[in-house]
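The structure appears right after this line, and notes come after that.
The values are calculated or read from the model by the stated rules, or taken from the named source; none is laboratory data. These numbers were taken from a predicted model, which means no experiment stands behind them. Every residue, glycine among them, receives a Cβ derived from its backbone with ideal geometry; neighbour counts consider all protein chains shown.
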Amino acid sequence: MHYLSTRGHAARPSFSEILLGGLAPDGGLYLPSTYPQVTRAELDAWRSLSYADLAFQVLDKFATDIPDEDLKNLVNRTYTAEVYRNCRPGEDATRITPLRILEQDDGRQLVLQSLSNGPTLAFKDMAMQLLGNLFEYTLKKQGSELNILGATSGDTGSAAEYAMRGKQGIKVFMLSPRHKMSAFQTAQMFSLQDPNIFNIAVDGVFDDCQDMVKAVSNDLEFKTHQKIGTVNSINWARVVAQVIYYFRGYLSATESSNQHVSFTVPSGNFGNICAGHIARMMGLPIKKLVVATNENDVLHEFFQTGSYRVRKSSETLHTSSPSMDISKASNFERFIYDLLDGDTDRVRQLFHKVEREGGFDLSGKPGSDGNEFASVGRFGFFSGKSTHADRTKTIRDAATRYRLIVDTHTADGIKVAREHIEKDVPMIVLETALPAKFNETIREVLGRDADRPAGFENIESLPQRFDVMAVDVAEIKRYVAAHTGL
C-alpha cells in the first residue's frame, strides 16, 4: 500500500514513511492510492472478533509495511479493558466501544456507540493510544526522535499528551485557545508535569492554533531540522485508527452483512466523520453519514449549499460544545479529493483559493468553481445543526427518557440524528466525550454534577503548568527550537 497527496506530489510513500508527519510536502493530505475493499464474507468472519483482532484486520490493509506480528502486538497492547476502563455502569469494558440502544420504535432504532472509555474520557483516545504505541515502535526502529506540534480545541490535546507522556524519544508541544476550553479539559492538559509535555495557551481561537501548526509544517526546512511531527486529525494513522470503530459499530448493530446502518457524527474538523467516509469507500454498508455541527456551521452550510466558506477568527463563536468551535475543517480536503474524482490540480487550486479568499463554491451556480455538489449524494452525506438551546433540551430529555447524561457534543449528535433516522436502518450516534468534561453545562441544565470516573474527582485543583503566547508563527518556532535544543 502506497500513499499520495491530495495535491499531486509525485512521491508515493509507505505507511511508516508518513506515520510521523502530517502534511505532504506540497501542503496536501495523504490518502491511500486506492481504498482497500472489504467483502461481505470478510465482514461475516469479523463479527466474532475482539476489538484488538478487528483492529488488526483493518489496519493490516493500510499498514502493509509493518510485519504482522509487530502489528498484532501493537493492537493487543492498545485495545485492552485496562486502557478503556472508564465505562459507565453496566457497560462491558472488554467490548471497548459498547452500543446502547436509546430508542426503538416502529422499526426506527437510535443507538449510542460509547467511544469515551479511555484515559481522557473522549473519543480521541481510540486513535491516540494506538498512535502513541506506533510512534514509539517506529522511532525505536529508526533510532530517532520526534517533536510533536499540535493544536487542540480541547480533547485532542489531552488525548495526545496522555498517549505520549513518558514515551521515549518524543516531546509534545500542544497549542490550545486560551480560556476557550472547559475547566476539566484545561486541567487535564495543564496539570501534567511530565518533562516531555509542553502546553501553550494561545490568545486566539482554535483556528489560529491550527493555522500556526500548518504554517510550521509548511516550512519544510524547519520541520525537518526540528523533527516535527503531528498528531492532529490530518495525521493519516490517526484517521485510519478511527475507521476501526465504524466497523465495530456496524458489526455490533447488525446481524447480517446485507443490512445497512447510518452514523451521525458531531463534527468540526471533519476528521471523525472522514474516517466513516473511508469505511464506506472500503465497502462498509453505510447508508447515511450525517454531519452534526454546532453554531459554527461551516460544514452544514457546505452540505446544504455546496459553498465552503471559512469563518474568520472574529466570526468563530465560543459555544457550550467547544470542541466543535472550528471554522476551517482541516480534513475536508480528503473528501473534496474524492468528490473531484482525484483531480489533484483542482484540489490544489480550490484550497489555495481558501487561503486567498476564504472559501470556494461547488454549487454549479453562475460564477461558482464547479458543479460537483450535485454528486455529494453518492457519498451518503447529510448534515444538521444544533444550538445551545437544542443541546440543553436534548441533555434534559436524555436524562429523563434514557436515564443517561450525555455531554454537549453528543447531545448535538442525538438532536441531528433524530432528523435523519429511517425505518429498518439503525442510526448510530458516535459519542464524543463523557459529560464530566463539560460539567458547567450539565450543572446549568440538570442542576447537579455529572458523575466522574475514579481518579478525576479533583482534577481542576491540581497545579497547572503552561505558557501563554500570541498568535505568532515566529514565536512558536523560537519556542520549539529552545526546548528541543536542535
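Which of the residues spanning the range 66-85 are hydrophobic (A, V, I, L, M, F, W, C), assigned to a helix (DSSP H, G or I) and under 21 Å from the mean Cα position of the chain (by Cα)? Step through it out loud before you land on a result.
Our first condition is that a residue be hydrophobic (A, V, I, L, M, F, W, C); within the range 66-85, this holds for 66, 71, 74-75, 81, 83.
The next check asks that each one be assigned to a helix (DSSP H, G or I); those that pass are 71, 74-75.
The answer is Leu74, Val75.
For the range 91-110, what are the residues that are outside any loop (DSSP other than H, G, I, E, B) and either touching a Cys at 6+ places or on another chain (Cβ under 6 Å) or of a type in the set (D, E, K, R) (or both)?
Initial filter on the range 91-110 (outside any loop (DSSP other than H, G, I, E, B)): 93-95, 99-105, 108-110.
Across the range 91-110, the qualifying residues are Ala93, Arg95, Arg100, Glu103, Asp105, Arg108.
Do the conditions hold for Ala127, that is, is it farther than 30 Å from Thr254 by Cβ, out of contact with any strand residue (DSSP E or B) (no Cβ under 6 Å at 6 or more places or on another chain) and not in a loop (DSSP other than H, G, I, E, B)?
Numbers: farther than 30 Å from Thr254 by Cβ: no; out of contact with any strand residue (DSSP E or B) (no Cβ under 6 Å at 6 or more places or on another chain): yes; not in a loop (DSSP other than H, G, I, E, B): yes.
Judged against the criteria, Ala127 is not a match.
Tell me the residue from Thr120, Thr97 that is in contact with a helix residue (DSSP H, G or I) (Cβ under 7 Å, 6 or more places away or on another chain), of a type in the set (Ser, Thr, Tyr), modelled with pLDDT of 95 or more and surrounded by 23 or more Cβ atoms within 10 Å (Cβ to Cβ), please.
On the way: Thr120 fails: modelled with pLDDT of 95 or more.
Residue meeting the stated conditions: Thr97.
Could you tell me whether Arg88 is part of a loop (DSSP other than H, G, I, E, B) and in contact with a Lys or Arg (Cβ under 9 Å, 6 or more places away or on another chain)? Before you say what the answer is, go through the steps one by one.
Details: part of a loop (DSSP other than H, G, I, E, B): yes; in contact with a Lys or Arg (Cβ under 9 Å, 6 or more places away or on another chain): yes.
Considered against the rule, which asks whether it is part of a loop (DSSP other than H, G, I, E, B) and in contact with a Lys or Arg (Cβ under 9 Å, 6 or more places away or on another chain), Arg88 comes out as yes.
Which residues, taken from the range 395-424, are among the polar types (S, T, N, Q) and either under 19 Å from the mean Cα position of the chain (by Cα) or crowded, with 24+ Cβ neighbours inside 10 Å (or both)? Please lay out each step first, then the result.
Initially, the range 395-424 is screened for residues among the polar types (S, T, N, Q), giving 400, 408, 410.
Result: Thr408, Thr410.
Restricting to the range 359-386, give me the number of residues that are part of a loop (DSSP other than H, G, I, E, B) and crowded, with 17+ Cβ neighbours inside 10 Å.
Initial filter on the range 359-386 (part of a loop (DSSP other than H, G, I, E, B)): 362-371, 380, 386.
Next, only the ones that are crowded, with 17+ Cβ neighbours inside 10 Å stay: 362-363, 369-370, 380, 386.
Count: 6.
Residue-by-condition table, conditions (1) over 30 Å from Asn258 (Cα atoms); (2) modelled with pLDDT under 95; (3) of a type in the set (A, V, I, L, M):
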| residue | (1), (2), (3) |
| --- | --- |
| Arg396 | yes, no, no |
| Thr400 | yes, no, no |
| Ile405 | yes, no, yes |
| Arg418 | no, no, no |
| Thr441 | yes, no, no |
| Arg448 | yes, no, no |
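Answer yes or no as to whether Ala127 is among the small types (Gly, Ala, Ser), under 16 Å from Tyr51 (Cα atoms) and crowded, with 21+ Cβ neighbours inside 10 Å. Quick ask: steps written out before the conclusion?
On the way: among the small types (Gly, Ala, Ser): yes; under 16 Å from Tyr51 (Cα atoms): yes; crowded, with 21+ Cβ neighbours inside 10 Å: yes.
Yes: the conditions hold for Ala127.
Considering only residues that are under 17 Å from Val243 (Cβ atoms) and polar (S, T, N, Q), which ones fall in the range 59-99?
Applying the first criterion (under 17 Å from Val243 (Cβ atoms)) to the range 59-99 yields 59-64, 66, 71, 74-75, 78-79, 96-97.
Once the filter is applied, which keeps residues that are under 17 Å from Val243 (Cβ atoms) and polar (S, T, N, Q), the range 59-99 yields Thr64, Thr78, Thr97.
Going through Arg396, Arg356, Arg391 one at a time, which residue ends up being more than 23 Å from Asn294 (Cβ to Cβ) and in a helix (DSSP H, G or I)?
Numbers: Arg396 fails: more than 23 Å from Asn294 (Cβ to Cβ); Arg391 fails: more than 23 Å from Asn294 (Cβ to Cβ).
Checking each option against the conditions leaves just Arg356.
Identify all residues within the range 425-449 that are among the hydroxyl-bearing types (Ser, Thr, Tyr) and buried (at least 24 other Cβ atoms within 10 Å of the Cβ); write none if there are none. Reasoning before the result, please.
At the first step, the residues of the range 425-449 found to be among the hydroxyl-bearing types (Ser, Thr, Tyr) are 432, 441.
If the condition is that a residue be among the hydroxyl-bearing types (Ser, Thr, Tyr) and buried (at least 24 other Cβ atoms within 10 Å of the Cβ), then Thr432 is the only one that fits.
Consider the range 231-259. How many of its residues are outside any helix (DSSP H, G or I) and out of contact with any strand residue (DSSP E or B) (no Cβ under 6 Å at 6 or more places or on another chain)? Steps first, please.
Step one: list which residues in the range 231-259 are outside any helix (DSSP H, G or I), which gives 231-235, 254-259.
Retained after the next criterion (residues that are out of contact with any strand residue (DSSP E or B) (no Cβ under 6 Å at 6 or more places or on another chain)): 233-235, 254-259.
Qualifying residue count for the region: 9.
Is it true that some residue in the range 404-413 is in contact with a Lys or Arg (Cβ under 9 Å, 6 or more places away or on another chain), assigned to a helix (DSSP H, G or I) and of a type in the set (Gly, Ala, Ser)?
Yes: one or more hits.
The rows are residues; the columns are (1) over 22 Å from Leu99 (Cβ atoms); (2) in contact (Cβ under 8 Å) with a residue 12 or more places away in the chain; (3) hydrophobic (A, V, I, L, M, F, W, C); (4) surrounded by fewer than 24 Cβ atoms within 10 Å (Cβ to Cβ).
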residue	(1), (2), (3), (4)
Tyr245	no, yes, no, no
Gly249	no, yes, no, no
Ser252	no, yes, no, yes
Thr264	no, yes, no, no
Ser267	no, yes, no, no
Ala279	no, yes, yes, no
Gln304	yes, yes, no, yes
Leu340	yes, yes, yes, yes
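Residues to consider are Glu460, Glu475; find the one that is assigned to a helix (DSSP H, G or I) and free of Cβ contacts under 8 Å to residues at least 60 places away in the same chain.
Selected residue: Glu475, the only one of Glu460, Glu475 that is assigned to a helix (DSSP H, G or I) and free of Cβ contacts under 8 Å to residues at least 60 places away in the same chain.
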